[in-house]
Amino acid sequence: MPFVCTRRQVRTAFLCLLSLPLVSLPLFAQAPPAADTFVSSATPKLNYGSSIILAVGPGTNSYVQFNLSGIPAGANISKATLRLYVDAVSGSGTLDVFQVTSAWSENKVTYSTRPTQQSVSAMVGSSIPITSANCNQFLLLDITPLARGWLNGTIPNNGVALSLTGGSGTFSLDSKESLLTGNGPELEIALASGTGPQGPVGPAGTQGPAGPAGATGPQGQQGSVGAAGAPGPQGLTGAVGAVGATGAQGPVGATGPQGPTGVQGPKGDTGAAGSQGATGPQGVMGLMGPIGPAGPAGLLASFDAIAGLPCTRNAQQGTVALTYSSSGDATLSCVLGNPPALTALTGIMPSTGAVLAGGQLAMTVSTNNPVPSDLTVAITVDNSTLASVASGSVVIAAGQSSGNFTLVGLSQGTVTVTASLGQSTALARVQVEAALNFSCSGTPPTVAADPIVISGNVTAFQSASDPGVTVEFHRKSDNVVLGTTTTDSNGNYSLSIPSGGVPIDGYLNLSAPGTPEFRAYWSKPLTGPTSSSPFVITSSALNMVYSLLQQSPQPGTGTLVVSIADCAGVAVIGATLSVQPNSGSVIDAGASGLPGSDWVLNQPSGGATISAQSGGTTFGSTQFIVISGRPTLLSLTP
């Protein structure tokens, strides 16, 4: 269910965010798969749209297409990563991703109608080697350029092809239908972060250099004269001149040298300051200060990202709790003390089931933890003309971890039931069957037509009708051949078997060049005209089926192909099969894209007994022979 947040819940969310410490949250988006399947050259006309695996091998490619409607318009992708989960590796090989260049449909595409693809890898980097070490591990493959082209409209979104780059390697990946692990393909998209509000102004830069000095101001008034210094010492007396003759008085002698200067007097008071000179020109601007801290992150891509973060309420510490209503509205609250366990859906039981048109099927949805209060889980079906859920939801009571609801069958077909709780979902597949016809059950008749005509059309497995097949009718009690013929150019045949007016218990034996001889049994004696259209299969095609089902043929065993139908020939889905001795692996043919109701792999050779149960009715209970290395076809009716 897409995420919905009403105006009121958005306001509540931001009020709570005001009390959170500032955190930087990355912006991510996930694109779920819209379609995925695989095709194989061994089965060129078979569609695997409902398969739980994506197989890759020689002649086998897988295709995945993603729903990009949830990516915001104009989003700027910084990285797009294709996430795949490896669930089995039968042989090491090298995986690569290629752009698909034509349209395809999940429920229709086959190897014969597979889409075109580019020959150049869509991955950033080299192809990925796959070995047994990758089993049960995720692969993260960078396909950013291709995803950008899808979103900006320059490349049509036809999805990607998963193929080998060499001639060897067989492995499988989880598809979106995988109910065991839930690890289907995903496209993880990292969006370029938005710009937050401007941060606070950074600290001032360092002061620039001083400008040149201004002009000198006018001289201040002269200070008062200081006190006179002390007189210096008297100079030395000059030498006495020689006594001259007494004569006229001699001239006055020269003045003696001046004495040293006295000590300077104290400095007078400073005169008043002159007026300030004109301001000099501004100096060069200083360097820019460091950038302030980043502002808070922009809007969240999903409220799920803040669940469990610390918060404050009434000065007490707590954690953010996130809950969703049945319509997808989100409510945030600050829960004090230990954080509550997050609630997620773990599955719907039964995950696969059947219900008659007009009947009801009881189903249960479960969570990973008991819920603290009554919790409403939305329940939807993908085709409301085939089935419905009365209330469209189920309430899981407080303290419980599961809730029950009823699916009502309306018309024959297959529906997918989805339980939704916020971003958590769980799936189940249910076959709605037409009301079955059991008019032929009861005491078997004791008379029969004479002769009994057996006719039909023989095909090659996943190919057109096969001419030139020898068809023999054998009596089961002694293996005597009562009739033989060869199919015509269209694969048709007809046998006329003398009965003497009594029912005949027998089987068909089919043989053709290049295919192993095998038998086709009915669950009860024939009494009138009978139609049977078996198929022949080569040993290599049979081995390919085993490989796709992640099995290996074992020595001394054979393969059973079982078809279960009511008296009108309508296939019965979901019947319980019983084979004695019970040593083989029972495979649901419908879920695996194979003909018939069930396949039993590696059934020990020799005598065996088979029957089936559905709604209290027994379908067949017949004995047959399993031949080593060969298939055996069995048709079971009431």
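The values are calculated or read from the model by the stated rules, or taken from the named source; none is laboratory data. Everything quoted here is computed from the prediction, not taken from an experiment. No Cβ is skipped: glycine too gets one built from the backbone with ideal geometry, and neighbour counts run over all protein chains shown. Note: areas computed on protein heavy atoms with side chains; ligands, DNA, RNA excluded. Shrake-Rupley method; radii C 1.70, N 1.55, O 1.52, S 1.80 Å.
Please specify each residue of the range 22-51 satisfying the condition of being more than 26 Å from Val536 (Cα to Cα) and hydrophobic (A, V, I, L, M, F, W, C). Walk me through how you get there before you give the answer.
The first filter runs over the range 22-51 and keeps only residues more than 26 Å from Val536 (Cα to Cα), leaving 22-36.
Leu22, Val23, Leu25, Leu27, Phe28, Ala29, Ala31, Ala34, Ala35, listed by residue number.
Looking only at residues in the range 161-183 that are open to solvent by less than 30 Å² (accessible area, probe 1.4 Å) and of a type in the set (Ser, Thr, Tyr), which one is nearest to the chain's Cα centre (by Cα)?
Ser175
Yes or no, residue by residue, for (1) at positive phi; (2) at pLDDT 75 or above; (3) under 45 Å from the mean Cα position of the chain (by Cα):
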position: Val453; (1), (2), (3): no, yes, no
position: Asn457; (1), (2), (3): no, yes, yes
position: Ala460; (1), (2), (3): no, yes, yes
position: Ser463; (1), (2), (3): no, no, yes
position: Gly468; (1), (2), (3): yes, yes, no
position: Phe473; (1), (2), (3): no, yes, no
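I'd like to verify a number: residues in the range 495-507 that are open to solvent by less than 70 Å² (accessible area, probe 1.4 Å) and either more than 16 Å from Ile625 (Cβ to Cβ) or touching a Ser or Thr at 6+ places or on another chain (Cβ under 6 Å) (or both), how many? Break it down stepwise before answering.
Within the range 495-507, the subset open to solvent by less than 70 Å² (accessible area, probe 1.4 Å) is 495, 497, 499-501, 503-507.
Filter again for either more than 16 Å from Ile625 (Cβ to Cβ) or touching a Ser or Thr at 6+ places or on another chain (Cβ under 6 Å) (or both), leaving 495, 497, 499-501, 503-504.
So the count comes out to 7.
Restricting to the range 522-543, and then to whatever is out of contact with any strand residue (DSSP E or B) (no Cβ under 7 Å at 6 or more places or on another chain) and over 30 Å from Ser499 (Cα atoms), can you tell me which residue is surrounded by the fewest Cβ atoms within 10 Å (Cβ to Cβ)?
Taking the candidates together, the pick is Ser540.
For Asp488, indicate whether it is in a loop (DSSP other than H, G, I, E, B), more than 30 Å from Gly409 (Cα to Cα), open to solvent by less than 70 Å² (accessible area, probe 1.4 Å) and not small (Gly, Ala, Ser).
Details: in a loop (DSSP other than H, G, I, E, B): yes; more than 30 Å from Gly409 (Cα to Cα): yes; open to solvent by less than 70 Å² (accessible area, probe 1.4 Å): yes; not small (Gly, Ala, Ser): yes.
Against the criterion (in a loop (DSSP other than H, G, I, E, B), more than 30 Å from Gly409 (Cα to Cα), open to solvent by less than 70 Å² (accessible area, probe 1.4 Å) and not small (Gly, Ala, Ser)), Asp488 qualifies.
Only residues that are open to solvent by less than 50 Å² (accessible area, probe 1.4 Å) and not polar (S, T, N, Q): list them for the range 544-557, please.
Of the range 544-557, the ones open to solvent by less than 50 Å² (accessible area, probe 1.4 Å) are 544-549, 556-557.
Selection gives Met544, Val545, Tyr546, Leu548, Leu549, Gly556.
Quick one: which of Gly514, Gly574 is of a type outside the set (Asp, Glu), more than 22 Å from Ala460 (Cβ to Cβ) and open to solvent by 50 Å² or more (accessible area, probe 1.4 Å)?
Values: Gly514 fails: more than 22 Å from Ala460 (Cβ to Cβ).
After applying the criteria, what remains is Gly574.
Looking at (1) touching a Pro at 6+ places or on another chain (Cβ under 9 Å); (2) in a loop (DSSP other than H, G, I, E, B), which one does Thr364 not meet, given that it meets all the others?
(2)
Looking at this structure, is Ser50 open to solvent by 10 Å² or more (accessible area, probe 1.4 Å), under 19 Å from the mean Cα position of the chain (by Cα) and free of Cβ contacts under 8 Å to residues at least 24 places away in the same chain?
Details: open to solvent by 10 Å² or more (accessible area, probe 1.4 Å): yes; under 19 Å from the mean Cα position of the chain (by Cα): yes; free of Cβ contacts under 8 Å to residues at least 24 places away in the same chain: no.
No.
Having 2 or more residues that are hydrophobic (A, V, I, L, M, F, W, C) and open to solvent by 40 Å² or more (accessible area, probe 1.4 Å) is the bar; report the strands (runs of 3 or more DSSP E) wholly within the range 89-160 that clear it.
Numbers: elements: 93-100, 117-121, 128-130, 137-142.
It comes to 137-142.
Name the single residue, out of those in the range 10-46 being polar (S, T, N, Q) and surrounded by 20 or more Cβ atoms within 10 Å (Cβ to Cβ), that is modelled with the highest pLDDT. Full working, then the answer.
Filtering the range 10-46 for residues polar (S, T, N, Q) gives 12, 19, 24, 30, 37, 40-41, 43.
Subsequent filtering for residues that are surrounded by 20 or more Cβ atoms within 10 Å (Cβ to Cβ) retains 37, 40, 43.
Working: Thr37: 97, Ser40: 94, Thr43: 92.
It comes out as Thr37.
Given the criterion part of a loop (DSSP other than H, G, I, E, B), in contact (Cβ under 8 Å) with a residue 40 or more places away in the chain, open to solvent by 30 Å² or more (accessible area, probe 1.4 Å) and at positive phi, identify the matching residue among Gly629, Gly596. Spell out the reasoning first.
Numbers: Gly596 fails: in contact (Cβ under 8 Å) with a residue 40 or more places away in the chain.
The conditions single out Gly629.
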